[in-house]
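To start, the structure itself, in structure tokens.
Every number in this text was worked out from the coordinates using simple rules, so none of it is lab data. Only a predicted model underlies this, so the values are computations on that prediction, with no experimental measurement involved. In this analysis, Cβ positions are derived from the backbone assuming ideal geometry, glycine residues included, and neighbour counts consider all displayed protein chains.
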Amino acid sequence: MEKVHDVELKHFSNEYFDVLHSFELPEEQGQFTALPSKILEVKEGQHRIVILCEDEPVGFFLLHSTERVKVYSDNPKAMLLTALSVNHAKQGNGYAKQAMLLLSDFVKSEFPYCDEIVLAVNHKNVPAQRLYAKVGFTDTGKRKTGPIGEQFVMHLSVKNT
């Protein structure tokens, strides 16, 4: 039974830097994502998002509103989610699922123009596929070839109510 904690999403700030840089992942997970410490240079249109539990960083991802989104979606209002990771020491607590359940509302408040989130998940990364499906992402049917093989392109509609 996974524990449910008080999880929140926040934009990166330097107060989280040291903890994010201490994140570790086992090799089999590291092949599918990038550790926060590898994402030092952020380009315009890239937004570093920290997953917090009781004000402690437990996870991280990037949201892109760059040209790169066009590879995954024809929707000019879409954003791309990449580099989702939860620190290995904190895995198994449901943080990624909680964060992804909060994603739609977070995007509505922080990026009101956005009405779709897209991502690519490696066909070998079954745990991530299951996670994304559980929180409402659906397979678009598009396929992309990534650095280690085929990727499924999934999307989530963000409805502004």
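A compact table of results
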| read-out | value |
| --- | --- |
| Packing-based exposure ordering (other Cβ within 10 Å, fewest first) of 42, 158 | 42, 158 |
| Dimensions in Å of the chain - Rg and Dmax from alpha carbons | 14.7, 41 |
| Summed residue charge, Cβ within 15 Å of residue 74's Cβ, Lys/Arg positive, Asp/Glu negative | +2 |
| Shape of segment 90-161, Cα gyration tensor, a/c cut at 1.5 | oblate |
| Charge context of residue 56, other residues only, Cβ under 14 angstrom, K/R +1, D/E -1 | -4 |
